[in-house]
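The values are calculated or read from the model by the stated rules, or taken from the named source; none is laboratory data. It should be emphasised that the depicted structure is a prediction, and the values quoted were computed from it without experimental measurement. Reconstructed Cβ throughout: ideal geometry from the backbone, glycine too, with neighbour counts over all protein chains shown. Each accessible area value is taken on the protein alone, full model and side chains, heavy atoms only, with ligands, DNA and RNA left out. Shrake-Rupley method; radii C 1.70, N 1.55, O 1.52, S 1.80 Å.
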Amino acid sequence: MKLIVLGAGYATRLHPLTLNQPKPLLSVAGKPMIEHVLDNLKPITDINHIYIVTNAKFAEHFQRWADNYRGRHEGAPITIVNDLSTDDSNKLGAIGDLNLVLTQAQIDDDIVVVAGDNLFSDSLEEFGEFSRAHNAPVLGVYDVGNLDEIKKYNAIEIDDADRITFFEEKPANPKSTLTGIALYYYPKSSLPLIRQYLDEGNNPDQPGRLVQWLYPKIPFYVWRVPGIWYDVGSKETLEEANRIFAHPTVPH
């Protein structure tokens, strides 16, 4: 199983903090965000290679970080993939970046895809177990607790088997407080559909759009993320994340 970490964004809402530092390398509770992500995925022992896709502006930052991280941690080798974009005007988008890694690294294996700035308080080991057991695409979901929050993310409805029956990005009138987050499992058998999605000219950016396109075609399941999930989008939420993850047992 391969892990693909999405880290090619420019995080302009966090300027000036992200002018010279990629968002996943900003420190939260004493270590870069991306290390929180990897620490929680490490218990999925099937992961035997980590690919971090970034841009021309930050590829060297990630390479320096990876060299340092490898010196301190055992585990899967890390490859930094540069998508050669330089700003928001020529970026490939998250799904474009995912396809770039699949193509460039010639991946023919099950994959876990995660955003490098997703903060989790708990181990994701059971995500790996659930995904292997279903051998079908799986989306990590989180209950954000109120319908107004959902409007910033996406709305999901599921059946009794935890299979997606409805998915909409940034809904105007959400019915559920469950939202899909940037944590995905795609079995090897589903990888050609990612290429098909792009070949048909669909939006290459928000990875949720791939879910929206896929779930009517093949079974797509959800897995509930335990503990706290936190999305850092502004300086205020970065400060709050520092507070929460210094003491991750405190609910927000």
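Miscellaneous remarks
- GNM remark for the chain: springs join alpha carbons under 10 Å apart, and the peak mean-square fluctuation among GLN63, GLN106, GLN21 falls on GLN106.
- Note on the chain: with a GNM built from Cα contacts shorter than 10 Å, the maximum mean-square fluctuation among ALA115, ALA11, ALA172 falls on ALA172.
- Antiparallel beta bridges, as assigned by DSSP with both residues in the chain, represent about 50 percent of the total such bridges.
- For the chain, the per residue solvent-accessible surface stands at 45 Å², with DNA, RNA and ligands left out and a 1.4 Å probe.
- Surface composition of the chain: carbon plus sulfur atoms contribute 48% of the solvent-accessible area (1.4 Å probe, protein chains only, all chains present).
- Label-to-label distance, GLU236 versus THR79, with points set 7 angstrom from Cα along the beta-carbon direction: 4.2 nm.
- Cα-based Lys pair tally, the chain, threshold under 15 Å, eight or more apart or on separate chains: 10
- Translational diffusion coefficient (Stokes-Einstein; Kirkwood radius from C-alpha pairs) of the chain at 25 °C, 0.890 mPa s, in µm²/s: 134
- The stretch 179-252 and the stretch 9-48 have Cα centres spaced 15 Å apart.
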